[in-house]
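*Asks:* Okay, handing you the structure first.
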Amino acid sequence: MYTEVAYPNTKPAFYDFLEHQLEEYTGDETDRVAALANFCSVLKIAFPKANWAGFYLVSGDELVLGPFQGRPAVSRIAYGAGVCGAAWREDRAQVVEDVECFAGHIACDCSTHSEIVVPLRDGDGRIWGVLDMDSVLTGYFTDEDRAGLERCVKPLARFA
Ligand code: SME
């Protein structure tokens, strides 16, 4: 059963807490869909101004929609397309302060104003998917979030 929690107010403490909470809800799970589903559910709760949290997984030369929380979204993204495809092509996380200013941003929900995309990497550092989060606020995600989320997704390498 999910227990309501009060998240710490500072980012370092928040990410220490979140990392443990994600481990608690997904750490024992061996099924990829089940683990990713609970992972993004926890994230959606942890980020009150996030309107979407979920995964796109590499399949050939596309990213295909995986488990997510939020409104229905585009189900396939080509290599290099949008913010997610840019993270894959550029091999690095993307922190988008204002999606209106990101050329090629793929809009799924008109209430989205900012976005963060963090690659999922296998044991050799190769990208096998991305974590994508959207927010209704401009500038909601920061470089501290990038670093924190990169840490949080590390254990998911077992599902690559
Ligand atoms: N905005 C993303 C598409 C996915 S939705 O945000 C859920 C992008 O530009 O890649």
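*Asks:* Taking the Cα centre of the chain as the origin, how large is its charge dipole in debye, to the nearest 20, when only Lys and Arg (+1) and Asp and Glu (-1) carry charge on their Cβ atoms?
*Replies:* Rounded to the nearest 20 debye, it is 180 debye.
*Asks:* Would you tally the net charge around GLY123, using a Cβ to Cβ cut-off of less than 14 Å, leaving GLY123 out, and scoring K and R as +1, D and E as -1?
*Replies:* With Lys, Arg at +1 and Asp, Glu at -1, the net is +2.
*Asks:* Counting only protein heavy atoms, what percent of the accessible surface of region 19-160 is carbon or sulfur at a 1.4 Å probe?
*Replies:* The nonpolar share, carbon plus sulfur, comes to 48 percent.
*Asks:* Could you check which residue among ARG71, ARG146, ARG92 shows the biggest mean-square fluctuation in a GNM of the chain with a 10 Å Cα cutoff?
*Replies:* The residue that fluctuates most here is ARG71.
*Asks:* If R₀ is 35 angstrom, what is the calculated FRET efficiency for the pair THR10 and ALA160, using the beta carbon separation as r and rounding to 0.05?
*Replies:* The pair THR10/ALA160 has a calculated efficiency of 0.65.
*Asks:* Next question. Tell me, how many Å apart are the Cα centres for region 34-96 and for region 121-146?
*Replies:* About 8 Å separates the Cα centre of region 34-96 from the one of region 121-146.
*Asks:* While we're on this one: Can you tell me what the convex hull of the Cα atoms of the chain projects to on average, as an area in nm²?
*Replies:* 8.7
*Asks:* Can you tally the net charge around ALA160? Count Lys and Arg as +1, Asp and Glu as -1, for every other residue whose Cβ sits under 13 Å from the Cβ of ALA160.
*Replies:* The answer is +3.
*Asks:* Right, another one. Quote the relative contact order of region 11-159 in percent (integer), defining contacts as alpha-carbon pairs under 8 Å separated by 6+ residues.
*Replies:* RCO, region 11-159: 22 percent.
*Asks:* While we're looking at this one, here's another question. With viscosity set to 0.692 mPa s at 37 °C, what whole-number translational diffusion coefficient in µm²/s follows for region 68-160 from Stokes-Einstein and a Kirkwood radius over Cα pairs?
*Replies:* Once the numbers are plugged in, D ends up at 244 µm²/s.
*Asks:* Okay, next question. By the scheme Lys and Arg +1, Asp and Glu -1, what is the net charge of all other residues having a beta-carbon under 9 Å from that of CYS108?
*Replies:* Combined, the nearby Lys, Arg, Asp and Glu give -1.
*Asks:* Go through region 142-159 residue by residue and turn each phi into a ³J(HN,Hα) via Karplus (6.51, -1.76, 1.60, θ = phi - 60°); whole Hz please, and just put x for glycine and proline.
*Replies:* 10, 5, 5, 5, 4, 5, x, 5, 4, 5, 4, 7, 3, x, 6, 4, 5, 9
*Asks:* Restricting attention to region 97-157, which chymotrypsin sites (Phe, Trp or Tyr not before Pro) occupy a DSSP loop and are surrounded by at most 11 other Cβ atoms within 10 Å?
*Replies:* Loop-located and lightly packed - none at all.
*Asks:* Then there is this: Explain nothing, just compute: Karplus ³J(HN,Hα) = 6.51 cos²θ - 1.76 cosθ + 1.60, θ = phi - 60°, for every residue of region 103-114 in order, whole Hz, x for Gly and Pro.
*Replies:* Once θ is set to phi - 60°, the couplings for region 103-114 become 4, x, 3, 9, 7, 10, 8, 5, 7, 6, 10, 9 Hz.
*Asks:* Same structure again: Between ALA147 and LYS49, what length comes free when the chain is fully extended (0.36 nm per residue of separation minus the Cα-Cα distance, one decimal in nm)?
*Replies:* Net length gain for the segment: 33.4 nm.
The values are calculated or read from the model by the stated rules, or taken from the named source; none is laboratory data. Not measured: the values here are computed from a predicted model. Positions of Cβ are generated from backbone atoms using ideal geometry, with glycine treated the same way; all protein chains shown enter the neighbour counts. When the accessible area is computed, the model is the full protein with side chains, heavy atoms only, and any ligands, DNA or RNA have been set aside. Shrake-Rupley method; radii C 1.70, N 1.55, O 1.52, S 1.80 Å.
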